[in-house]
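Notes for the one structure printed next.
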Amino acid sequence: ESAGAADPEAARRRAERRAQRIAAGATELERRLADLLRDGLASADRAGYGAWDETAARMVDAQAPGLETRVRELAAIPSSGPGWPARLLEECALAHLLNQGFLHLDGLPEQLAATTRTRVGLTTPVAELLATGEPVRDRWLVLGRQDGADGRLTTHRIWLRGERTRRMALLLSFSAPGQSPELALPTGLVLDADLTYYPAARPLRAAIGTRHGELPHAPSATAPPVPEGCDVDTALADYGAALGEDPWLDGWPVVLAEVVPVPGDGGWQLADERSGSALPVDPRCAGRTDLWQLMAISGGGPITVFGECGHRGFSPLTAWDPTPVSLIATAAQGGTR
């Protein structure tokens with residue numbers, strides 16, 4: 001019993017030591033940002049990627065993977081093409097905001113503090129989340145999937161939306177290259193299950209608890225219908241509201257209804273004839289052949305598309321024809337903000 005009673009105290013001490021290391025890492029990154037801005041953004045172009053390697057390694061030593069990721073994004077921006085100084089300044093501002101948020105956690109509202117901890121790399125273990133969090137039971141429709149490289153790991157993302165709650169959820173898992181993902185939920189699957197959301201100012205990431213049943217999609221009368229979507233203006237409003245609660249948000253999942261893919265010299269757009277609005281496709285998707293697949297599915301008419309709405313545009317992931325068609329990216333989806 002005494003050993004068991006000592007475990008929570010030992011865990012608390014470990015958590016305190018890690019928080020101190022992350023705070024030291026945030027303080028060091030603040031100095032690096034101050035040096036960069038004092039010397040001028042042009043110095044980042046001259047210094048090259050290698051100049052950031054030491055800083056990124058320090059963030060690894062500080063056990064702050066979220067800060068390491070931001071450092072590596074900063075390093076990649078000067079080689080990202082025209083307009084990089086503005087993007088570098090934006091990313092510096094977000095990194096500074098994250099550093100200051102973590103260094104002043106006690107002064108933040110509880111949910112924003114939880115978001116800040118997650119962004120620097122402090123996450124709640126799944127077992128603890130499922131044991132202490134409040135489960136949300138619903139029939140969850142799998143809207144889309146995407147795999148991507150995250151350093152030496154493969155990142156698996158699965159987006160769902162509740163039939164009753166209308167809440168979006170993101171299931172995130174990691175695996176070594178060549179290994180099968182922990183979750184294998186095909187797009188179009190309807191899953192009756194309990195999800196528990198990770199604490200955040202704008203909860204999105206969740207973990208699956210109890211599964212009550214599944215209804216796989218099939219080309220029959222029992223197939224799930226095309227999901228209800230919104231117009232472009234509503235999608236932008238949803239993204240804006242989410243960004244207001246989580247300033248480090250890269251994108252927010254939305255289902256667009258009755259939009260027409262329109263290619264153009266200045267980039268692709270998803271046009272909403274009802275409102276006269278159009279949502280640009282993220283230019284980082286320009287090399288994806290699935291944009292032409294999306295065009296072929298639409299045949300020039302309105303379709304329903306699921307994807308992420310971000311500050312650089314919309315990244316399509318799934319279209320309905322009327323069954324779901326996964327839009328497989330042929331170009332790398334990593335890169336800078």
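The values are calculated or read from the model by the stated rules, or taken from the named source; none is laboratory data. Bear in mind the structure is a predicted one, so any value in this text is a computation, not a measurement. With ideal geometry, Cβ positions are generated from the backbone for all residues, glycine too; neighbour counts draw on all protein chains shown. Each accessible area value is taken on the protein alone, full model and side chains, heavy atoms only, with ligands, DNA and RNA left out. Shrake-Rupley method; radii C 1.70, N 1.55, O 1.52, S 1.80 Å.
Could you list all residues from region 29-50 that are under 21 Å from Gly83 (Cβ atoms) and among the hydrophobic types (A, V, I, L, M, F, W, C)?
Passing the criteria: Leu33, Leu36, Leu37, Leu41, Ala42, Ala44, Ala47.
When Ala329 is tested against (1) crowded, with 20+ Cβ neighbours inside 10 Å; (2) within 30 Å of Gly244 (Cβ to Cβ); (3) at pLDDT 90 or above, only condition (3) is not met. Taking region 100-117 as the range and being under 15 Å from Arg205 (Cα atoms) and buried (at least 19 other Cβ atoms within 10 Å of the Cβ) as the test, the residues that pass are Ala114, Thr115, Thr116, Arg117. The set of residues in region 48-76 that are of a type in the set (S, T, N, Q) and within 16 Å of Arg152 (Cβ to Cβ) contains only Thr69. Inspection of region 189-206 finds a residue satisfying the criterion of being part of a strand (DSSP E or B) and open to solvent by 40 Å² or more (accessible area, probe 1.4 Å). Of the listed requirements (1) farther than 19 Å from Asp192 by Cβ; (2) in a strand (DSSP E or B), Leu129 misses just one: (2).
Just one of the listed residues (Arg161, Arg145, Arg167) is within 22 Å of Glu308 (Cβ to Cβ) and either among the aromatic types (Phe, Trp, Tyr) or at pLDDT below 95 (or both), and it is Arg145. With respect to being part of a loop (DSSP other than H, G, I, E, B), open to solvent by 20 Å² or more (accessible area, probe 1.4 Å) and more than 25 Å from Arg119 (Cβ to Cβ), Asp233 falls outside the description.
If you go through region 85-99 one residue at a time, do you hit one that is over 23 Å from Ala149 (Cβ atoms), open to solvent by less than 60 Å² (accessible area, probe 1.4 Å) and not in a helix (DSSP H, G or I)? Within region 85-99 (the criterion being over 23 Å from Ala149 (Cβ atoms), open to solvent by less than 60 Å² (accessible area, probe 1.4 Å) and not in a helix (DSSP H, G or I)), the answer is no, since none of the residues qualifies.
Only residues that are open to solvent by 10 Å² or more (accessible area, probe 1.4 Å) and either among the small types (Gly, Ala, Ser) or part of a strand (DSSP E or B) (or both) were counted in region 295-325, giving 13.
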